[in-house]
Structures are given as C-alpha cells and as structure tokens.
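Notes follow once the structure below has been shown.
The values are calculated or read from the model by the stated rules, or taken from the named source; none is laboratory data. All values derive from a computational prediction rather than experimental measurement. Here Cβ is always computed from backbone atoms with ideal geometry, including for glycine, and neighbour counts include all displayed protein chains. Note: areas computed on protein heavy atoms with side chains; ligands, DNA, RNA excluded. Shrake-Rupley method; radii C 1.70, N 1.55, O 1.52, S 1.80 Å.
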Amino acid sequence: MKLNKIILAGTATVLAIGAGVAFAQFQKPEDAIKYRQSVFTVMGNSFGKISAVVKGEAPYNKDELAKNAAIVAMMSTLPWQAFGPGTEGGKAQSDIWSDSAKFKAASEKMQLAAVDLNKAAQSGDLESIKKAFGATGASCKNCHDDFRKK
C-alpha cells in the first residue's frame, strides 16, 4: 500500500509539472528523443523481469514482481510529453505527429493496461498477473506496430 501511495504521489507530481516543464525541458529535439528512449528502456527492463516470471524462466517473488509492475505503471505516464511538435526522430514514425489522436489513444490504452498490471501484481495472484501482463504486452506491441520504425 505504501508503495502505491508513493507511486501515485510521484505520478501526480510529474503530471502536474510535466505539462509546464515539457517545452523548457526539451530545447533541442534530441533531448526529447533521448528522454523518451530512456523512459522506454527503464520500462522495458522492468517489464522484461515480469516477462521472465510469467514465462516460468525466473522464480516468482511477489515483492520483486510488484516492484517491477509499479515501475512499469509509473514510467508509462512519462514519455508522452517528449512527443511534442518538433521532436520528430529516433525510432518514432511520422504517424505519431500526423495521426496524433490515434497515437494518444494507443498511449492511453497502454497506460491503463500498465495500471491493471500493477493492480494484479500488488494482489499477488499470479493468474491475474499473467492475464494483465498479456494485455499490457499486446498494447505495447500494437503501438510499436503502428508508431515505431522497424
């Protein structure tokens, strides 16, 4: 519970200041690209640790899995401010900017899936975790398929 409160407080703080800081934070497009790639790298690392447990490649440790799911949920809120106008590049396809409504919908779907994964992980029910993991992975894949260069 305490970890959830910390994550929620951190997420709220990031969201509250994120909108105002986004422009100032990324004076150069490469800064935004590096930022979002770093966020996705951290999120992918924690998601990979959950994947190993779900696939039976690593032992299930409730606390570790819950910690990694909390990281995924929190990090899922961060990269979007770095996709503003003028931040094209990296592995991002131009559709992100030309079809921003579709991209926004995909990002929101992934964030909701990450929250569901975190809730399942905090419960400790491995079957619920596996189901939520599959939904989160599918939302990541859909966005990669539509908006990430191969």
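Summary table below
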| item | result |
| --- | --- |
| Zone residues, the range 117-149, relative to D99, backbone N less than 12 Å from point 7 Å out along Cα-to-Cβ | 143-148 |
| Candidate lysines for bridging to K119, where Cα separation is under 18 Å - those fewer than 8 sequence places away on the same chain excluded | K2, K5, K49, K62, K67, K109, K130, K131 |
| D63 accessible area, assembled protein chains, probe 1.4 Å, Å² | 120 Å² |
| Net charge over other residues, Cβ less than 14 angstrom from the Cβ of P79 (K, R count +1; D, E count -1) | +3 |
| Accessible surface of the range 25-150, 1.4 Å probe, proportion on carbon and sulfur as whole % | 56 percent |
